[in-house]
Amino acid sequence: MHPAIKDLTLREKAELVSGGSFWTSRGVERLGIRSAVLTDGPHGVRRQRAEADHLGLNDSEPATSFPTAAASGSSWDPQLLEEMGAALGVEARALDVDILLGPGVNIKRSPLCGRNFEYFSEDPLLSGALGAAWVRGLQARGVGASVKHFAANNQETDRMRVSAEVDERTLREIYLPAFERVVREARPATVMCSYNRINGVYASQNHWLLTEVLRDEWQYDGYVVSDWGAVTDPVAALAAGLDLEMPSTGGTSPALIEAAVQEGRLDLATLDQAVTRILEVHDRFSPGERHAPDLDAHHALARRIAVESSVLLTNTSGILPLDPTGGGDIAVIGAFAEQPRYQGAGSSHIIPTRLDNAVEAIGAATSRTISVAQGFRLDGEQDQALLDEAVRVAEAASVVVLFLGLPDDAESEGFDREHLELPDVQLRLADAVIDANPSTIVVLSNGAVVSLERLRGRAAAILEMWLAGQAAGSAAADMLFGDVEPGGRLAETIPLALAHNPAHVNWPGSDGVVRYGEGTAVGYRWYDTTERDVAFPFGFGLGYTTFAYSDLRVDVADPTAAHAAVEVTVENVGERPGAEVVQMYVGEERPAVLRAPRELKGFEKIRLEPGERRTVRFELDERAFAYWGATGWTVTPGRFTIAVGRNSRDLVAEQTIRLDVAAPVVPLHRDATVGEWLSHPVGSSVARAFFAQLGPAAAALEDPESIRMVESIPLTTMIGFTVDAKEQPSSPAEVVERMLAEVQSASGRTT
Ligand code: GLC
């Protein structure tokens, strides 16, 4: 317990677990306990001194607007995320912020989610690795993180009430691992519970989630803070494992908590534990030295992250990079060229310290003549004069750079999209401009996947920059003229059509319930399982050079242990320096449960000079082969394929290994089937012995064909079929109970 506990009154304790204001926890002045400042957000510090809100509606102090997670997630670069976290830590501390509310590591279940710009990926390993790096960087600068939103908060529709109905295996393999990795690897100051229910129970009072999983299994030692307004019952929340309710409810929650303790409905020890966690974390992240942030350096970092996160999707006949000195006039078209779309709407929205626009940046980067046309209205209204001018400018130029994307009102915290299309006015512009000049390069600014079917195959190149922060305009120029290459790879599949998305038939749910019917088949796991073509696969991205892979080696030192060492050599066989994201996927050949053909189990971003080679090494541990089964993480003996390559659909080398691990023992129980009894190491002999005494009925258990027909029958039912009740005094259930006891005593453990 925290040493202050003994000096605090019950009322003071009840107040300490309830917010002190919109952005602060409570203090206890007489004991020198300070209140802490908690504020957003993952891509920039949103410090409000006056009017407070959690939707980015009111002003905040200027701060660096870094690329959003949809961008930085495409960098596949934990080191870069750590640098971003560190810069955020310096700015947060300079603005007296103790806890910065991020990172957001929810999985992108559907591209329609309004907050996908705030999340990294459709894959839990990539999300967790990047989230943990962000937390390490931030907390190394003395500011606490708040990994969010725990858990299964994958849509905005009805987000404060909806129940995410998710089976445990899907939670464990898809929606929890990113949080688990951040908690285990980076020890975040706080975990923010989400608004929604999980299988009917609000996250804020979900004991299984907040105590059994987070505390008992993951050994989490920070505190759980609610999302703002996510607590419906402060007493039930404390009992389940929530520690701090935000924002303040005035005296309402403290009074309820105090009364609950006094009336014996809430254990004082539970309250003391929550207070202890809060005070220990705030001691750990108390204001240290403040350093004036080097905002120019942070702006340069934002620019570098934007470049490393941009995904070059097409580059027909190598039109990119452009020659900065020769080659004729360049037309820069599109409202976003001068009015950049660089961040998302909602709680993460901040006031940037400065804002680059692409027109100025392109003009400064080349001696070629630049012409500019707005092309479309941001409100989506058709304007023929703008369209005509854009076509004229395009016709007169030798190359066009066309800036398109989603306007602010198309995606945001608080609501989801209903389709993947770019605004009609932009698609019409693209058609007209590309007809006028096929040498058109499209640069996209959007927080979530958009359909590219009207652009793919028509534009000469497509560069996806996502919402790339305040330096996006300069980053675009850097890449267009080849100062640097786009370093990103897709962290989310771009499907050919929305209807192909696995969540499509269960989105966004209705009547307060959303069923995660696709189970673990999220993102590329679905498209690969269903062998569905996609526009651009998970992990895809082009650069300005090319890489060759060779010498894949997979070593399994002990086949009875689920471990393997993987090596592959990569060479830059192009003319320019560049980065490659080496990806490693593992697939089980004949799994006992439905599993995707391959899952990302390792990645490394490397940068090589032309002609340079490097050997990349991965260590695969048990979790790399495991699925979540009846007894937890389970590896079944058999063959596994280890594949490495550029993206999930371009795996250039693979090897198959055999693991002879012990077969998992499925625990027997009164409803266990004949098949489960016969495959149990002890139960099979007990079952056979019982049937042997029945004579001919036992034959069903000896003949493989017969076994296939009866193996899914519960043993109790099978006994009922084969035993003459007149001769057998015990009921089938009593017989099975005795057999279970025999197995238990024979194996000396629970069955
Ligand atoms: C919002 C968001 C959360 C944010 C919090 C404080 O509703 O869900 O991400 O950190 O409230 O603004």
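In terms of Cα to Cα distance under 27 Å, which lysines are near enough to K108, apart from those fewer than 8 places away along the same chain?
Here the lysines satisfying the reach criterion relative to K108 are K148, K601, K605.
Amide H of H149: which non-local residues (sequence gap of 5 or more, or other chain) have their own amide H closer than 5 Å, using H built in the peptide plane?
V105, N106
If each residue of separation counts as 0.36 nm, what is the full-extension length gain between E567 and I606 once their alpha-carbon separation is subtracted? Before the final figure, lay out the partial values.
Working: separation 39, 0.36 × 39 = 14.04 nm, distance 1.40 nm.
Using 0.36 nm per residue and subtracting the Cα-Cα distance, I get 12.6 nm.
For region 120-219, what is the convex hull volume of the alpha-carbon atoms per residue, in Å³?
Working: hull volume 9.4 nm³, N = 100.
Taking only Cα atoms, region 120-219 has a hull volume of 94 Å³ per residue.
By count of other Cβ within 10 Å, fewest leading, how are E622, E289, E389, E245 ordered?
Working: E622 14, E289 6, E389 17, E245 26.
Exposure proxy ranking, most exposed first: E289, E622, E389, E245.
So what is the relative contact order of the chain, in percent, for Cα pairs below 8 Å that sit 6 or more residues apart?
Details: 1793 pairs, mean separation 96.0, N = 751.
That works out to 13 percent.
Treating the angle as unsigned and between 0 and 90°, give the value, to the nearest 10°, between the Cα long axis of helix 683-692 and the longest Cα principal axis of the chain.
40
Cut-off under 19 Å on the C-alpha distance; same-chain residues fewer than 8 positions from K6 excluded. Which aspartates and glutamates are left, in chain and number order?
List returned: E15, E29, D243, E258, D267, D272, E280, D283.
When averaged across all projection directions, what area in nm² does the alpha-carbon convex hull of region 367-500 cover?
With the hull built on Cα positions only, its mean projection is 8.9 nm².
Which part of region 253-291 falls in the paramagnetic zone of K6, meaning amide N under 16 Å from the point 7 Å along Cα-to-beta-carbon?
Of the residues in region 253-291, 276 have backbone N under 16 Å from the label point off K6.
Roughly speaking, what is the stretch gain from R456 to H291, that is 0.36 nm per residue apart minus the C-alpha to C-alpha distance, in nm to one decimal? Could the numbers behind the result be given before it?
Values: separation 165, 0.36 × 165 = 59.40 nm, distance 4.71 nm.
Stretched fully, the R456-H291 segment lengthens by 54.7 nm.
Which ³J(HN,Hα) values in Hz, rounded to whole numbers, follow from the phi angles of region 467-479 under the Karplus curve 6.51 cos²θ - 1.76 cosθ + 1.60, where θ = phi - 60° and Gly and Pro get x?
Once rounded to whole Hz, the list reads 9, 9, x, 5, 9, 4, x, 5, 4, 4, 5, 4, 7.
When you have a sec, figure out the Kirkwood radius of the chain from all distinct Cα pair distances and drop it here in Å to one decimal?
On the way: mean 1/r = 0.0356 Å⁻¹.
When all Cα pairs of the chain are included, the Kirkwood radius is 28.1 Å.
Taking the Cα centre of region 1-136 as origin and charging only Cβ (+1 Lys, Arg; -1 Asp, Glu), how large is the dipole, in debye to the nearest 20?
For this selection, approximately 440 debye.
How large is log10 of I(q)/I(0) for region 371-436 at q = 0.21, 0.22, 0.25, 0.28 Å⁻¹ when the intensity is taken from the Debye formula with one equal scatterer per alpha-carbon?
Reported log10 I(q)/I(0), two decimals: -0.83, -0.89, -1.06, -1.26.
By how many degrees, between 0 and 90 and to the nearest 10, does the Cα long axis of helix 732-747 differ from the longest principal axis of the chain?
80
Please arrange D356, D329, D650 by how many other C-beta atoms lie within 10 Å of their C-beta, fewest to most.
Going from least to most buried by this count: D650, D329, D356.
What is the sum of charges, Lys and Arg at +1 and Asp and Glu at -1, for the other residues whose Cβ falls under 12 Å from the Cβ of P321?
Neighbourhood net charge equals -4.
Just round it to a whole percent: the fraction of Cα-Cα distances in region 267-396 exceeding 20 Å.
It works out to 68 percent of all Cα pairs.
For region 533-540, take each phi angle, set θ = phi - 60°, evaluate the Karplus expression 6.51 cos²θ - 1.76 cosθ + 1.60, and give the result in whole Hz per residue in order, putting x for glycine and proline.
The phi angles translate into 5, 10, 5, 9, x, 3, x, 6 Hz.
Between D650 and D424, take the C-beta separation as r, use R0 = 35 Å, and let me know the FRET efficiency to the nearest 0.05.
0.55
Please turn the phi angles of region 335-340 into ³J(HN,Hα) values with the Karplus equation 6.51 cos²θ - 1.76 cosθ + 1.60 (θ = phi - 60°), one per residue in order, whole Hz, x for glycine and proline.
Once θ is set to phi - 60°, the couplings for region 335-340 become 4, 5, 5, 9, 10, x Hz.
Could you state the principal axis extents of the C-alpha atoms in region 41-93, from the largest down, to the nearest angstrom?
Principal-axis extents of region 41-93 (Cα, largest first): 37, 22, 13 Å.
Quick one: which residues, 5 or more positions from T249 or on another chain, have an amide H under 5 Å from its amide H? H modelled 1.01 Å from N in the peptide plane, none for Pro or chain starts.
So T249 has HN proximity to G19.
Ranking K13, K6, K148 by Cβ neighbours within 10 Å, fewest first, what do you get?
Starting with the residue having the fewest Cβ neighbours, the order is K6, K13, K148.
If each DSSP helix of 4+ residues adds -39,500 (n - 2.57) and the sum is divided by the residues in the chain, what number results at 222 nm, nearest 500 deg cm²/dmol? Can you show the working numbers first?
On the way: 21 runs with 207 residues, N = 751.
Value at 222 nm, helices only, nearest 500: -8000 deg cm²/dmol.
Would you grab the residues whose amide H sits under 5 Å from the one on D40? Only those 5+ places off in sequence or on another chain, please, with H modelled 1.01 Å from N.
R46, L101
Sequence gap at least 6, Cα distance under 8 Å: using those rules, report the relative contact order of region 384-510 to the nearest whole percent.
That works out to 23 percent.
Report the relative contact order of region 648-751, percent, no decimals, based on alpha-carbon pairs under 8 angstrom and at least 6 residues apart. Intermediate values should be presented prior to the final figure.
On the way: 86 pairs, mean separation 32.3, N = 104.
Relative contact order comes out at 31 percent.
Values in this text are rule-based calculations from the coordinates and carry no lab data. Since we're looking at a predicted model, the values are computed, not measured. Virtual Cβ from ideal backbone geometry, glycine too; neighbours counted across all protein chains shown.
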